[in-house]
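Here's the structure we're looking at; comments come further down.
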Amino acid sequence: MARPTIRRVLLEVSRQWLQQAADGDMAIETVDLYIQISERFDVFADAQGIHRMDDVTGQLTDSFMDAPGRDRHDNITLVPKDGTRRQRRSALASLFAHARALGMTQAVPLLDSPPIPRPPRSTGAELTDAEIEELQFHSERGMPATRHAALLALLLSGLGSAETAQATPGDLDLALATVTTGGSSRTTPRTCPLSPWAVRALRLRTDYLTEHRPGQRRLVTSDSSTPYAAQASVGAGFNDIARLSGLATTARRVEPRDITRYVARQVLLQTGQISEVARRLGLSSLDNAADLAGLAWKIGGDPR
C-alpha cells in the first residue's frame, strides 16, 4: 500500500471526527478547530518538504506547535500562547491516533513531546448586583449599532456563549419577554426569560439590524463565522464590556462564565431549587448546576 499523504489522511480522519460529532461523542466546534489546525499543519509540513504522514517527526510537530500565527483580529503573534499550543497539540494527537487506527501510518511524532501545562483553574469572579449594573451601563455605549448590550442581555438570560453566538431575531419573543435557544453540544434546548433591560436592548438591536443590515441573520456575530469562531467572538465582545466597565483588570479576570455563575446564583436564590438552575442553564447534571451556583450540596463539599 502506498504511503498516504497528510492531505489524504486528513480527509479520512475528518470523516471520523464528523461522525463522532453526529454521535454526540465530540463537539462540532472541536471538529471545526481540529480540521482547521490540521489543514494548517499540512501547509506547514509542505513548506518543509514533508508530504507523507510516515515522514512526520517530533521535531516537525514541535516546530508547528511553536510557530507564529494570527489572533482573531488577524494580527501576527510571533510567540503563540500556551492555550494555542495546547490546541495544536491536541489536534495533531487526535489526527495521528485516528490515522494509526485506520492503518494509514505508524508514526507517533508526539511520543516524546511533553504535555503543555495548564494554569491553575480559576474559581471565577463572583459578580455582584452592582457590578452587573456596571456591565449593563457600559455595554450601552454606541447601542444599538454596537452589539455589546444585546450580547450581555442574552448571557444574562441564561444562554451560554455558544448559544449566544447563534441567536437570531427569530429566537426572540419580546412581547412575552423570552428567548428560545436550540442548545449546544453541552446544553439542551429551552426558553429563558428576559429582564425588562434585556427586552429593551434586544428590541433596539433587532430594529437596527432590520433597518441597517437586513441580510444579517445572527444578533451578535457574523453569519459567515464558524461556530467555534462565533463563540470566540462572543468572548471577545464580553471582554470589551468588562474592560470598559473597569471590572476586568490585570489582577482580576472576568469572563462570560462569570455571568452564567451569576444567573445560577440568582435562580437558586429565587427558587431554592438546583433543578431550576439546571433547567435555566440547559444542564443535564445537577452537580454542574450546583457548582455554578456555588452550592456545596454534597456531604463533605467545600462551600465556595
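Okay, here's what the table says:
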| item | result |
| --- | --- |
| Between 0 and 90°, nearest 10: helix 196-212 axis offset from the chain longest Cα axis | 60 |
| Ranked list, fewest to most other Cβ atoms within 10 Å of each Cβ, for W17, W197 | W197, W17 |
| Peptide ranges 157-164, 174-181 listed from the most packed, as the mean C-beta count within 10 angstrom indicates | 157-164, 174-181 |
| Extension reserve of the S63-S275 stretch, reckoned as 0.36 nm per residue once the Cα distance is removed | 71.5 nm |
| Relative exposure of R253, R88, judged by other C-beta atoms within 10 Å (fewest first) | R253, R88 |
| Separation in nanometres of the label points that stand 7 Å from Cα toward Cβ, at A175 and L102 | 5.2 |
| Distance between the range 153-217 and the range 48-92 - C-alpha centres, whole angstrom | 36 |
| Helix 256-271 axis, angle to the chain major axis (alpha carbon atoms, nearest 10°) | 40 |
| Length gained when the stretch S284-T188 is fully extended (0.36 nm per residue, less Cα-Cα span) | 33.8 nm |
| Sites D23 and V79 - FRET efficiency at Förster radius 30 Å, r taken between beta-carbons, to 0.05 | 0.20 |
| Computed E for L111/E12 - FRET, C-beta separation, R0 22 angstrom, nearest 0.05 | 0.50 |
| Extension reserve of the A145-V43 stretch, reckoned as 0.36 nm per residue once the Cα distance is removed | 32.9 nm |
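We did not get these values from a lab; they are worked out from the coordinates using the rules stated. Just so we're clear, the structure is a prediction, and the values are computed from it rather than from any experiment. Backbone-built Cβ (ideal geometry, glycine too); neighbour counts: all protein chains shown.
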